[in-house]
Amino acid sequence: MPRPRFNRILLKLSGEALMGEGQFGIEPETVGRLAEEIKQAKEAGHELCLVIGGGNIFRGLAGAAKGFDRATGDYMGMLATVMNALAMQNALEKIGVDTRVQSAIPMATVSEPYIRRRAVRHMEKGRVVIFAAGTGNPYFTTDTAAALRAAEMNCDALFKGTSVDGIYSADPKKVASAQRYDSVTYNKVLSEDLKVMDASAVALCRDNNIPIVVFNIREQGNLASVLDGAGVATIVQSDKNEGGQDAGL
Ligand code: UDP
């Protein structure tokens, strides 16, 4: 079997991906379905780690708008990501996938603390590592945490699961003429403010040459097929790689 181009990946899911059709919180069926996607990718031989957001429960900025101190709101948001991480861990273990949760805010009774070398070892042993509590710092997002952990774990790519099949020039749900890209540079994403991840996360990926693969996680089996080079996705990469082929998509 040819060695997959992206052997080790970090998968970033927003908290909203766990809500299913709901407006808030965690829908167990949806989390179960996402866990199946991850299992399939693992069984295809990839090493995976995960960063899950917390927007389905609490966002620091929304809290600040309602009068919370921003840093306090951000800590609450980070705690929300721990709940999501535990929900995902539960769903994965239920279907026989070995996992470890590592939290950037130490929480000894529910998870391991974040220790980079230990996380690498877990992945080498075939465990899915779920990074919780973002970067551990307020004023950041879980997108930035995903880029940071992807760099620290030497991931071959950061996979961003969304509800659309890639990056468009405008929101395809609002603008019918929006153009879809197969491949786009980090600098175009930043200069045109294309909605992928926040700018600091994109810049961190650019500086460390980590491709960002944007794909639809709602479509069943899509993570594995994009990893296999068959699915539909947009890849964000530097100029010299542009064209898509080089990156194996
Ligand atoms: N957060 C933070 N530092 C981090 C990561 C997250 O303060 O390193 C807080 C921030 O308040 C954010 C919330 O956690 O709004 C939830 O994360 P995010 O909004 O990134 O979740 P997503 O939109 O991916 O669901």
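Numerical summary
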quantity	calculated
Subset tally (residues that are within 8 Å of the ligand (Cβ to nearest atom) and charged (D, E, K, R)) for segment 41-69	1
Qualifying residue in segment 230-240 (condition: in a strand (DSSP E or B), within 20 Å of residue 7 (Cα to Cα) and small (Gly, Ala, Ser))	yes
Evaluation of residue 93 against (1) within 12 Å of the ligand (Cβ to nearest atom); (2) free of Cβ contacts under 8 Å to residues at least 24 places away in the same chain; (3) closer than 12 Å to residue 128 by Cβ (one fails), failing number	(1)
Long-range neighbours under 6 Å by Cβ, at least six apart or interchain, first residue within 16 Å of residue 26 (Cα to Cα) and of a type outside the set (Gly, Ala, Ser) within segment 57-81, second more than 8 Å from the ligand (Cβ to nearest atom) and not in a loop (DSSP other than H, G, I, E, B)	81/132
Residues located in segment 145-173, provided they are over 11 Å from residue 208 (Cβ atoms), in contact (Cβ under 8 Å) with a residue 60 or more places away in the chain and either assigned to a helix (DSSP H, G or I) or in contact with a Pro (Cβ under 8 Å, 6 or more places away or on another chain) (or both)	145, 146, 149, 156, 157
Qualifying residue in segment 210-223 (condition: small (Gly, Ala, Ser) and at pLDDT 95 or above)	no
Residue match in segment 149-157 (condition: surrounded by fewer than 19 Cβ atoms within 10 Å (Cβ to Cβ) and among the basic types (Lys, Arg))	no
Any hit, segment 177-196, residues being assigned to a loop (DSSP other than H, G, I, E, B) and surrounded by 22 or more Cβ atoms within 10 Å (Cβ to Cβ)	yes
Residue match in segment 112-121 (condition: in contact with a helix residue (DSSP H, G or I) (Cβ under 6 Å, 6 or more places away or on another chain), more than 15 Å from the ligand (Cβ to nearest atom), β-branched (Val, Ile, Thr) and farther than 25 Å from residue 238 by Cβ)	no
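The values are calculated or read from the model by the stated rules, or taken from the named source; none is laboratory data. This structure is a prediction, so every number in the text was calculated from the model and none was measured. Ideal geometry is used to build each Cβ from the backbone, glycine not excepted, and the neighbour counts take in all protein chains shown.
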